[in-house]
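What follows is a set of notes on a single structure, which appears directly below.
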Amino acid sequence: MAASGVMIGAYFTWHSPFYLEPFLAALAAFMVCASGNIVNDLKDIAIDRINRPDRPLVSGAISKTQALRLATAFALLSIVTSLFINISVFISVVVALLLLSLYNFKAKEIPIIGNAIIAFLGGLTFITGGLTVDRSLTFALPGPLIPAIFAFLFHLAREIVKDVEDIDGDRRQGVTTLPQIVGVSRALLVALGVFFVFSLLSFFPVFKGWFGRWYEIIAVYFIDLPILLILIFVWGNPTPKMLRAGTMVLKGGMALGILALILAR
């Protein structure tokens, strides 16, 4: 998903296609995410024993030492790769690694802040793609800034739903999340509100005439309306099965969103 976001960001910026720098940036984004996810798994072993006992570290499929070596290798390789692109992408990669470290070692335990960091990183992939092509066009409309904002809101909604899904394991390990503070129902209502804002904004490029008919069909009829309905059902009946379905549908929505953006122009 991160690699795809970088390529979409480049696609939204270039005047004529070229692929080497965007491909390298996508590879760097892939490795940044790999490193961050591995460190997150290392930090969450105790929680995953409760919430996700099938995870590789919990099940013993890979040792902690091997995982740490992989995380370090991916982080270093992402930095080296970014050096072959430009200084803006290098800074973006370093910022992403620092934010992931902050998230894994501190911010994850701070309600909303941890969610916002992950959401920001989701949007940063599109900005990074634009930076591989043209720094000035990256923040011009229509450009990578549009999918970056969409990604931020989409990830934020999904992160809150995931916190509700993981509430038991988080509580046992002393990790305080939004649903523990405001309650499950209100937390899901916040996620629903965030996604509603996303749905309204996703129609804006169509209204402005920036994105075409295929984007409108996929975004409105295959992402916005179905996921809104599912989140309403999850809010009304937040069982473990429904919460799991909600997080999976949101993940699927991300993939459909990538397709909608590819067909947008």
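Observations on the structure shown:
- Calculated P(r) tail over 24 Å for the chain, as whole % of Cα pairs: 50 percent
- Estimated FRET transfer efficiency when R0 is 30 angstrom, pair LEU225-ARG52 (beta carbons, to 0.05): 0.50
- Length gained when the stretch GLN180-LEU20 is fully extended (0.36 nm per residue, less Cα-Cα span): 53.0 nm
- Cα shape, segment 220-265, gyration tensor, a/c 1.5 rule: oblate
- Solvent-accessible surface of segment 86-183, taken per residue with a 1.4 Å probe and all protein chains present: 41 Å².
- Computed [θ] at 222 nm, helices only, for the chain once each DSSP H run of length n ≥ 4 contributes -39500 (n - 2.57): -24000 deg cm²/dmol
- Partners for LYS108 among lysines (Cα-Cα distance below 17 Å; same-chain residues under 8 apart left out): LYS43, LYS162
- Since only GLY143, VAL194, SER92 are under comparison, the one whose Cα sits farthest along the positive direction of the charge dipole of the chain, derived from C-beta charges on Lys, Arg, Asp and Glu, is VAL194.
- Accessible carbon and sulfur surface of the chain relative to its total accessible area, %, 1.4 Å: 69 percent
- Per residue, segment 192-262 exposes 54 Å² of accessible surface when a 1.4 Å probe is rolled over the protein heavy atoms with every protein chain present.
- Label zone at ASN86, where the point sits 7 Å out along the Cα-to-Cβ direction: segment 118-134 residues whose backbone N lies under 14 Å: 127-134
- Distance between the modelled labels on LEU201 and LEU27, one decimal in nanometres: 3.2 nm (7 Å Cα→Cβ projection).
- Taking all Cα-Cα distances within segment 17-116, those exceeding 17 Å account for 57%.
- Net length gained if the chain between ILE149 and ALA245 were fully extended (0.36 nm per residue, minus Cα distance): 32.1 nm
The values are calculated or read from the model by the stated rules, or taken from the named source; none is laboratory data. All values reported here derive from a predicted model rather than from experimental measurement. Don't worry about glycine lacking a Cβ; one is built from the backbone with ideal geometry, like all the others, and counts go over all protein chains shown. Quick note on the areas: whole protein, heavy atoms, side chains included, nothing else; ligands and nucleic acids left out. Shrake-Rupley method; radii C 1.70, N 1.55, O 1.52, S 1.80 Å.
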